[in-house]
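These notes concern the structure reproduced below.
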Amino acid sequence: MTVDAEEVDPSAAAARSVPADASVVLRQVSKSFGPLVAVSDIDLVVRPGITAILGPNGAGKSTLLRLICGLAKPTTGSVWVAGGNPRFDDTARGHIGLVPQQDGVFERQAALETVTLAATLSGLENPEAQARRALNTVELDPDLGRPVGTFSKGMRQRVKVAQALVHDPTVLVLDEPLNGLDPRQRQHMIELFRRLGDAGRTVLVSSHVLDEVERFGSRVVVVAKGRLVAEGDFHEIRDLLDTQPHRLRVNCADARSLAAELIRSSAVLGCDIVDDETVELTTDDVRAARRLLLAAGRNLDQTLHAITPLDDDLESVFRYLVGRSA
Amino acid sequence: MSSARRIRALYRALLDQQLTKSRLLLIGGFSVLALVLALSIGSQVEPDSRTEAIVGFLSVYGLGFMVPILSLLFASTTLGQLVEDETLVYLWLRPNPRWQLALAAWAAAATIALPIAVIPLSAAAAIGTGGDGGIVAATGLSMGLAAVGYSGLFVLLGLVFRRALLWGLVYIFIWELFVARAGAGAARLSLNTYPHSVLARLTDIELPLAERSMAAGLIVPVVLAGLSVAATAWWLNRAEIT
């Protein structure tokens, strides 16, 4: 039998097992949309500092963030954020600042109006002054009078970040926040998020770009197919990814003789001859395999036209992690 | 900070989103048509049956079409548009009770619906009757009650249904225009019957659907608006926000 998370007091259930320094706790959280399971049985404790949620598109990152903000109710399990359940607890919700993934903004308002509204609704004194401060933080001119609807994607993104920051939230939830920003703005935002993390805020940021996550220098939670498949600091995750088998395609003069040469080495786990001039090999040590290829080319006196990694993309990394956790 | 200040901020933000050029043109069109038709009726009908003709026209055009359709257009998009363009999250996530958002949405919708219901149709009543104060007052009150009730109902409809405009038109044209007129039980579930009753009783002219008491006519639209605000708040509490 599944228990509807809202039939019991979810915040109380979660609070029983909340570590003292945790700001976000998910216990056995699942979320289904009809037959589609978007998030499956996730246990997660998030502490102050930056935590990156890494996963391919459609992995369930946004659903996970929506659950954390209380925007969606879990099918099972419980969510606890800053002392309560954000779906029902105004105080808990007041601790959250969200930059949603979607592009929607109040098109007819000026940036200052949008952020002032957010400040007013958060109960701040002197909301306009707070809105100006937040807009300055994201390097947007508060006196830019034109409607947000006329802004570029990057400027709209900065308005979204400003409205999320205006009430100085303890938990900042950022769903792909660097989308649409130019490189300089990206760097500025990354530095801003790092500063907030260093200052003791909990910054949860989702991304599907590994390099982006690396720049946050953060703890990483890897989500794939709705499941949490790995977590640790970035270097741990990177090391973990490096243990997966890699595949290389080699274009050469004689695939058959090259494959026969390669298969003798322990660095090569397998070889497929694709055609007379192409061989694909599987290895768990890419550097050793490359050295071996060059040596084999010399030994056989044949030219290697190209060596192409076949699975250096993030999707294959996630596939590997999913398979590993299963 | 007081609840009133937050509600005012929500109200202003929601109101700002409503007034677009195309909608203002539509309001203007409906209003001008009301005045032209009232003038035409007033000039063509004999003086002793003029009041009856004008009240009949206000019942059909005002209560039957103009007020419900314009209320639907504005009220259903007050929150519905935010759902559609995924901006509701910016208001929903703030630490405020849901009733404040529901109340602000109704107030924003009614702020537009009330004057566009009361002013042009009262003016039409004045033009058509040659300035009969009693008819003008009855028109203003009944149209105002209709606008208040429909605003609440259609704000909720816009939040709950994706194609709220379509469902609202089905309610107006199928339920209120046909089903409600077929039987007393169905009529009781039609909002239109209450302002119709107020208009009929204050003008002493028999109108279809005008079978409720004066008290019911005055109270039910306001109560319905209040219940709609409560239901909107309840829905906002339960809904999943994108």
Where Lys and Arg each count +1 and Asp and Glu each count -1, what net charge lies around residue B:188 among other residues with Cβ under 15 Å from its Cβ? 0
Among A:61/A:160; A:160/B:21; A:73/A:153, the pairs whose Cα-Cα distance exceeds 25 Å are A:160/B:21; A:73/A:153
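If you count, for every residue in B:92-101, the Cβ atoms of partner chains within 10 Å of its Cβ, what is the mean?
Numbers: counts 4, 16, 13, 13, 7, 1, 1, 0, 1, 1.
What the average comes to for B:92-101 is 6.
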Report the charge-dipole magnitude of the stretch B:109-242 in Debye, nearest 20, computed about the Cα centre from +1 at each Lys and Arg Cβ and -1 at each Asp and Glu Cβ. 380 debye
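Explain nothing, just the number: relative contact order of chain B, from Cα pairs under 8 Å at least 6 residues apart, as a whole percent. Before the final figure, lay out the partial values.
Working: 362 pairs, mean separation 61.7, N = 242.
This gives 25 percent for chain B.
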Among B:239, B:64, B:175, the residue whose Cα sits farthest towards the positive end of the charge dipole of chain B (+1 at Cβ of Lys and Arg, -1 at Cβ of Asp and Glu, taken about the Cα centre) is B:239
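Give me B:43, A:62, B:190 sorted ascending by neighbouring Cβ count inside 10 Å, so fewest comes first.
Details: B:43 10, A:62 23, B:190 18.
Sorted ascending by nearby Cβ count, the order is B:43, B:190, A:62.
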Can you give the charge dipole size of the stretch A:52-183 about its Cα centre, rounded to the nearest 20 debye, using +1 on the beta carbon of Lys and Arg and -1 on the beta carbon of Asp and Glu? 380 debye
With charges set only on the Cβ (+1 for Lys and Arg, -1 for Asp and Glu), what does the dipole of the stretch B:3-238 come to about its Cα centre, in debye to the nearest 20? 1040 debye
Could you tell me whether the protein assembly as shown comes out rounded, prolate or oblate from its Cα gyration tensor? Rule is a ≥ b ≥ c as square roots of the eigenvalues, rounded for a/c under 1.5, then prolate if a/b exceeds b/c, otherwise oblate. prolate
Name the long-range amide H neighbours of residue A:110: under 5 Å, sequence gap of 5 or more, or other chain; modelled H, no Pro or chain starts. A:148
Shielding by partners for A:119-127, please: the mean number of other protein chain Cβ atoms within 10 Å of each residue's Cβ. 5
Computed [θ] at 222 nm, deg cm²/dmol, chain B (DSSP H ≥ 4; -39,500 (n - 2.57); rounded to nearest 500): -25000 deg cm²/dmol
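Starting with the fewest neighbours, write out A:168, A:211, A:276 ranked by other beta-carbon atoms found within 10 Å of each beta-carbon.
Numbers: A:168 16, A:211 8, A:276 11.
Sorted ascending by nearby Cβ count, the order is A:211, A:276, A:168.
Give the order of B:194, B:150 when sorted by the count of other beta carbons within 10 angstrom, beginning with the fewest.
On the way: B:194 29, B:150 34.
The most exposed by this proxy come first: B:194, B:150.
Rule-based calculations on the coordinates, nothing more; no lab input. Every value quoted in this text rests on a predicted model; they were computed, and no experiment measured them. No Cβ is skipped: glycine too gets one built from the backbone with ideal geometry, and neighbour counts run over all protein chains shown.
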